[in-house]
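See below for the structure under consideration.
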């Protein structure tokens with residue numbers, strides 16, 4: 001794939017995921033105005049928490065988190081552009097997910113002063129769709145790398 005195709009594709013995928021994530025955050029904010037909403041009894045709730053830290057509310061220095069998020073996203077995008085001749089579809093899919101989720105949470109940090117988390121499952125830390133997308137992207141990327149390494153041995 002050439003650089004233009006990669007950039008267009010990454011922008012397209014990011015726009016879709018960001019739109020869905022931001023819409024879900026707006027819905028969560030509106031429906032949890034007075035209290036949490038139970039989706040599956042004693043299991044899944046829609047709630048609303050502003051996370052000014054990083055994953056699981058660690059490291060609450062918001063300005064530092066914005067800078068770190070921006071730098072990581074910048075380097076991933078730079079990698080995609082520089083390595084465009086060698087990138088395969090699986091790697092591109094994984095990194096597109098990481099970029100999209102990271103950008104959506106970065107938008108929250110800049111616009112709302114923190115990331116809106118709204119999905120609560122049992123006692124697991126509260127999270128959002130963008131968090132899921134980032135985790136899935138990195139997990140699939142790690143699995144792919146492990147499979148390639150095992151295949152090459």
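I want to confirm something. Restricting to the range 76-109 and keeping residues that are touching a helix residue (DSSP H, G or I) at 6+ places or on another chain (Cβ under 6 Å), in a helix (DSSP H, G or I) and more than 19 Å from residue 136 (Cα to Cα), which single residue is modelled with the lowest pLDDT?
Here the answer is 81.
So residue 151 clears everything in (1) surrounded by 19 or more Cβ atoms within 10 Å (Cβ to Cβ); (2) closer than 23 Å to residue 79 by Cβ except one condition, right? Which one?
(1) is the only condition that residue 151 fails.
Just give me the residues in the range 117-153 being in contact with a strand residue (DSSP E or B) (Cβ under 7 Å, 6 or more places away or on another chain) and more than 18 Å from residue 16 (Cα to Cα), in sequence order.
If the condition is that a residue be in contact with a strand residue (DSSP E or B) (Cβ under 7 Å, 6 or more places away or on another chain) and more than 18 Å from residue 16 (Cα to Cα), then 117, 118, 119, 120, 121, 126, 127 are the ones that fit.
Starting from the range 28-44, take each residue that is on the phi > 0 side of the Ramachandran plot and list its partners that are in a loop (DSSP other than H, G, I, E, B) and loosely packed, with under 13 Cβ neighbours inside 10 Å, counting only C-beta distances under 9 angstrom and pairs at least six apart or across chains.
Listed pairs, sorted by first residue: 42/122.
Among the numbered conditions (1) within 13 Å of the chain's Cα centre (by Cα); (2) buried (at least 17 other Cβ atoms within 10 Å of the Cβ), tell me where residue 92 comes up short.
Unmet for residue 92, out of (1) within 13 Å of the chain's Cα centre (by Cα); (2) buried (at least 17 other Cβ atoms within 10 Å of the Cβ): (1).
For the range 32-52, does any single residue satisfy the condition of being under 30 Å from residue 74 (Cβ atoms) and in a helix (DSSP H, G or I)? First the steps, then the outcome.
Here is the first cut: in the range 32-52, the residues under 30 Å from residue 74 (Cβ atoms) are 48-52.
Then keep just the ones that are in a helix (DSSP H, G or I); that gives none.
No, that holds for no residue.
Yes/no matrix, rows are residues, columns are (1) at pLDDT below 85; (2) surrounded by fewer than 16 Cβ atoms within 10 Å (Cβ to Cβ):
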| position | (1), (2) |
| --- | --- |
| 2 | yes, yes |
| 8 | no, yes |
| 13 | no, no |
| 23 | no, yes |
| 42 | no, yes |
| 69 | yes, no |
| 74 | no, yes |
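Any idea which residue in the range 121-140 is surrounded by the most Cβ atoms within 10 Å (Cβ to Cβ), counting only those that are free of Cβ contacts under 8 Å to residues at least 24 places away in the same chain and assigned to a loop (DSSP other than H, G, I, E, B)?
124
Condition (residue is surrounded by fewer than 19 Cβ atoms within 10 Å (Cβ to Cβ) and closer than 21 Å to residue 6 by Cα) applied to the range 101-120: is it met by at least one residue?
No, the range 101-120 contains no residue that is surrounded by fewer than 19 Cβ atoms within 10 Å (Cβ to Cβ) and closer than 21 Å to residue 6 by Cα.
The values are calculated or read from the model by the stated rules, or taken from the named source; none is laboratory data. Just so you know, these numbers come straight off a predicted model, no measurement behind them. For neighbour counting, all protein chains shown are included, and Cβ atoms are generated from backbone atoms with ideal geometry for every residue, glycine included.
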